[in-house]
1. Residues of the range 300-322 being among the aliphatic types (A, V, I, L, M) and either away from the ligand (no atom under 16 Å from the Cβ) or within 22 Å of the chain's Cα centre (by Cα) (or both), which ones?
2. Hey, can you tell me all the residues within the range 331-355 that are surrounded by 15 or more Cβ atoms within 10 Å (Cβ to Cβ), away from the ligand (no atom under 12 Å from the Cβ) and farther than 18 Å from Arg395 by Cα?
3. Please go through the range 93-105 and pick out each residue that is among the small types (Gly, Ala, Ser) and in a loop (DSSP other than H, G, I, E, B).
4. Take Ile222 and tell me if it is closer than 19 Å to Thr313 by Cα and out of contact with any Gly (no Cβ under 7 Å at 6 or more places or on another chain).
5. So which residues in the range 182-217 are within 22 Å of Arg56 (Cβ to Cβ) and basic (Lys, Arg), if there are any at all?
6. With respect to Val411, determine if the residue is more than 10 Å from the ligand (Cβ to nearest atom) and in contact with a strand residue (DSSP E or B) (Cβ under 7 Å, 6 or more places away or on another chain).
7. Give, as residue ranges, the helices (runs of 4 or more DSSP H) completely inside the range 425-505 that count at least 2 residues that are away from the ligand (no atom under 16 Å from the Cβ) and modelled with pLDDT under 95.
8. Would you check if Ala163 is free of Cβ contacts under 8 Å to residues at least 60 places away in the same chain and farther than 22 Å from Phe30 by Cα?
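The values are calculated or read from the model by the stated rules, or taken from the named source; none is laboratory data. For clarity, every value in this text was computed on a predicted model and none was experimentally measured. Glycine also receives a Cβ, built like all others from the backbone with ideal geometry; neighbour counts cover every protein chain displayed.
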Amino acid sequence: MICVPLVSGSRQELERDLREAARVADVVEFRLDYLGGARPRELLALSPLPAIFTCRRGSDGGRWQGRESDRLALLQEAVDAGAAYVDVEVDAAAGLRRRPATMTIISSHNFEETPEDVEEVYARVARLQPDVVKVVTTARDILDNLRLFRLLKHAVLPTIAFAMGERGLVSRVLTRKFGGYLTFAALRRGAESAPGQPTAEELHSLYHYREITAQTAVFGVIGNPIGHSLSPHIHNAALRQAGLDAVYLPFLVDDVVKFVRGFAAVPVTGYSVTLPHKVAVMQALDEVEPTAREIGAVNTVVRRDGRLLGSNTDCTAAVGALLGALGGRVGDRSPLAGKSVVLLGAGGAARALAFGLRREGAGLTILNRTAAKAEELARPLGVEWGGLERLGESRCDVLINTTSVGMFPRVDESIVPRAALRPGMVVFEAVYNPMKTRLLRDAEAAGCLTVSGVDWFVEQAALQFEAWTDRPAPRGLMRDIVVRTLTEREAERSRTAGSRTSGAT
Ligand code: NAP
């Protein structure tokens, strides 16, 4: 079940929220500590859904400032009015007269951590014989989620258990897989009643929460930060379109080796790996495919027969996007063979591309702000290198930007002077946020053939999907999702910038 906490004050807002809740949730929670002065009996009459009545003290993360006896009297009023549920804290439970028509949730909250003895906490609550046990902790590390999954697996009573905070999001979504009684979701951004709460919209349209079962396969992206990753959008949609019983989550990870080993207990079927973990993840794998080993980075992990295999789709995808723009291979001949390619940057993206370009027989020059890093990448490949000032010095058929220059928020910057762009040149941009960078705009104006970072991003995700599922990836859908999500984000940014400007005048 999905429960939406109601925290808006006025009657009008409450009625609006109740209508919305009826569309997206199974239960509402009236947070009496937010709804100053509202009487449980009146709230009950307004609600189209079964309701939980809760009134949290400051020490439990709530806003109740009044006397404890008044708080308990309010909760008792909810019980006496026949509410479906009342939620009372473990230390206050004895103060409530229970009635058969109302299920009593007895809860324990920990805002600091997920203690090692969380089973003890569970047992303490369960001894009071609630109808539903609620144990909520805070995830300081992503591995803390595992303790809550174990709790749910061994639960003797109906149980709500999850961890708060961004590192706990997976416990809120996967609670259904492990038999959790319900999860909480905000009606909209800004209406969260606890840290890390997803919106009901995200639970439905991103994670397809109601379809998660004990059998649902788990996939996800490992990174830090991870909150704005496009991967959950693209992969959840693709897995769904393929009719697979699977969910794809963002994993905010600090120590990738410990995480991958620990989450073998879930288990997770496939990972995307992003910054800063593409190199370190290799230590946690049973096997690394030769190209990924050569590049020195893994962005894809698949579990096969209990073994974790790492590969790198960044390289194949970037070269594939370029080949596509150049008309593809003719027989065995690559259109990149013999071309002068200038690669700007010497970070992870450049590394993936440099190996692929070399294999295609391109004449490669690597230029980077820190020339020593360009040298470090170029030397083993036997290609040219230099500082960025060398851009424009020699012939260039294909120009590739893998530096982060031009990326949001510095969207008006480009590392390439307009004079260096000539008609017919191919310009490939790694940055995909924004979709059309200043470099791509300049290149189009100069009559160059352009390839955007979106093409690369979609292709690396499509190859990941194929590695995990052995099915052709729905590339059209994946591209539509990326474009739609980025367009929405760009519109949101200009709205925010617009409102900031109008507020200032
Ligand atoms: P990275 O390893 O951190 O490397 C960053 C590169 O950018 C380095 O070469 C760095 O030069 C250079 N750089 C940063 N700021 C600069 C500045 N102000 N002036 C000149 N050079 C600057 O990052 P990465 O993983 O390679 O990613 C780079 C970009 O590619 C990001 O925008 C990322 O989103 C994008 N990318 C896209 C895809 C895709 O699928 N489309 C895939 C991978 C990456 P120094 O060495 O001198 O610091």
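1. Answer for the range 300-322, where residues must be among the aliphatic types (A, V, I, L, M) and either away from the ligand (no atom under 16 Å from the Cβ) or within 22 Å of the chain's Cα centre (by Cα) (or both): Val301, Val302, Leu308, Leu309, Ala317.
2. Result: Ser334, Phe355.
3. If the condition is that a residue be among the small types (Gly, Ala, Ser) and in a loop (DSSP other than H, G, I, E, B), then Ala101 is the only one that fits.
4. Taking the combined requirement at face value, the residue satisfies it.
5. Arg188, Arg189
6. Spelling it out, it is not the case that Val411 is more than 10 Å from the ligand (Cβ to nearest atom) and in contact with a strand residue (DSSP E or B) (Cβ under 7 Å, 6 or more places away or on another chain).
7. In the range 425-505, the matching helices (runs of 4 or more DSSP H) lie at 475-504.
8. no
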